[in-house]
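Novice: Here it is, the structure in full.
Please treat every number below as a calculation from the coordinates, not as lab data. This one's a predicted model, so the numbers in the text were calculated from it and none came from an experiment. Here the Cβ positions follow ideal geometry from the backbone for every residue, glycine too, while neighbour counts run over all protein chains shown.
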Amino acid sequence: MSGFGGRLHAAMTERGRLCVGIDPHAALLEEWGLDATAAGARDFGLRVVDAAAGRVAVVKPQVAFFEQYGSAGFAALEDVLRAAREAGLLVIADAKRGDIGSTMDAYAQAWLAPGSPLEADAVTVSPYLGPDSLRGTIAHAVRGGKGVFVLAATSNPEALGLQSAEVTVVDAERGQTVADWVASHAGAANRFGVVEGDALGPVGFVVGATIDRDELGLRTETLGGAPILAPGFGAQGARLADLDRLFGALAPQVLASASRSILGAGPDGLVAAIDAHNAELQENRRG
Ligand SMILES: O=C(O)c1cc(=O)[nH]c(=O)n1[C@@H]1O[C@H](COP(=O)(O)O)[C@@H](O)[C@H]1O
């Protein structure tokens, strides 16, 4: 059986590198004629799943937009996760969990265990309790054929000071930055955990399309073999047509994530917006 990296690579080869975000912002719910409630978020999510199915490889529900409605919101999210997986989409739960290792085990159980009500194919995790705090979660993911995306170089400008800071611990290389150290530590599982024949490993990294990897000291070789989730396209300013130029040798590993630039098209414009985003991604292959 393929691991997450193998399944992701196969899906991206077949359906391209676009990941559609499922972010039911209150303002979007209103524009779509839906209530700002768990039921509204559920309808919104299911409509995005319908539009995305067969057109893209991956969807990424941002769980905060469901969590804000409490238990009803989580029930809505369960329905959206299940519908997406049943529609053949790979699902990244954007939960950005991060805690001490023993607590992370429970998060891994919640988001990655087969049969869990919130089961996804991968989950976003935060390394800021130390990349080693993610060791158990990564092992859990590898065992179950699941994936994680570790925050390495996030798309928001206020992260620069933290993520470009030099690490001074003994196992860091001289001058190594937080972003590069996190990626080299957590990415170790891609070297021993890759299922034979899988083109990509189970440990992915979030690398914003809006950031300068050189400024962050994030080296191309550190990201070798890792799926890269790149938010920042569309509403945050980066252009899909520039993906190959922005990511260079890493471009084939990049999953380009866009939420508001697609969702803002409204329920009737979703399919056209997804097609237009896919077409823009194709353009940079020619350009
Ligand atoms: O992990 C993420 O997906 C993420 C990481 C990051 O560095 N920046 C970032 O914007 N995101 C998420 O990506 C989505 C971006 O949404 P748009 O800016 O509307 O495309 C949101 O759901 C964010 O929570």
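Novice: Quote to one decimal, in nm, the extra length available between Glu173 and Ala75 on full extension: 0.36 nm per residue of separation minus the C-alpha distance between them.
Specialist: Residue separation times 0.36 nm, minus the Cα-Cα distance, leaves 30.8 nm.
Novice: Specify the inter-centroid distance of the range 1-26 and the range 122-187, based on alpha-carbon positions, in whole Å.
Specialist: 21
Novice: Quick one: which residues, 5 or more positions from Phe205 or on another chain, have an amide H under 5 Å from its amide H? H modelled 1.01 Å from N in the peptide plane, none for Pro or chain starts.
Specialist: Residues meeting the amide H criterion: Val150, Ile228, Leu229.
Novice: How do the peptides 116-123, 236-243, 179-186 rank, highest first, by the average count of neighbouring beta carbon atoms within 10 Å per residue?
Specialist: In decreasing order of mean packing, 116-123, 236-243, 179-186 become 179-186, 116-123, 236-243.
Novice: Something else: Please list 98-107, 214-223 highest first by mean number of surrounding beta-carbon atoms within 10 Å per residue.
Specialist: 214-223, 98-107
Novice: Right, something else. List the residues, sorted by chain then number, that are 5 or more residues from Ile22 or on another chain and whose placed amide H is less than 5 Å from its amide H.
Specialist: It is Lys60, Gln62, by chain and number.
Novice: Related question: Just to check I understand the Karplus step: with θ = phi - 60° and J = 6.51 cos²θ - 1.76 cosθ + 1.60, what whole-Hz values come out for the range 244-249, glycine and proline as x?
Specialist: 5, 5, 5, 9, x, 4
Novice: Can you compute the helix-only [θ] at 222 nm over the chain? Use -39500 (n - 2.57) per DSSP H run of at least 4 residues, normalise by all residues, nearest 500 deg cm²/dmol.
Specialist: After summing the helix terms and dividing by residue count, I get -12000 deg cm²/dmol.
Novice: What spacing in nm lies between the two simple spin-label points modelled at Asp242 and Arg191, each 7 Å away from Cα in the Cβ direction?
Specialist: 3.4
Novice: For the chain, count the residues as N, evaluate 2.2 N^0.38 Å, and divide the Cα radius of gyration by that value, please.
Specialist: That works out to 0.94 for the chain.
Novice: Just to be sure I follow: if Rg is taken over the C-alpha atoms of the range 56-170 and Rh is the Kirkwood radius over the same atoms, what is Rg/Rh?
Specialist: Using Cα coordinates only, the ratio equals 1.00.
Novice: Using only Cα atoms, find the angle between the long axis of helix 270-286 and the longest principal axis of the chain, and express it within 0 to 90 degrees, rounded to the nearest 10.
Specialist: Compared with the principal axis, the helix lies near 40 degrees.
Novice: Here's another thing I want to ask about it. I want the local charge near Gly234. Using Cβ-Cβ distances under 10 Å, sum +1 for each Lys or Arg and -1 for each Asp or Glu among the other residues.
Specialist: Computed value for this residue: +1.
Novice: Follow-up. Give me the distance in nm between label points sitting 7 Å out from Cα along the Cα-to-Cβ direction at Val271 and Tyr128, one decimal.
Specialist: That separation, rounded to one decimal, is 4.2 nm.
Novice: Here's another thing I want to ask about it. How far, in degrees from 0 to 90, does helix 135-144 lean away from the longest principal axis of the Cα atoms of the chain, to the nearest 10?
Specialist: It works out to around 60 degrees.
Novice: In terms of modelled amide H atoms, which long-range or inter-chain residues lie less than 5 Å from the amide H of Thr154?
Specialist: Gly208
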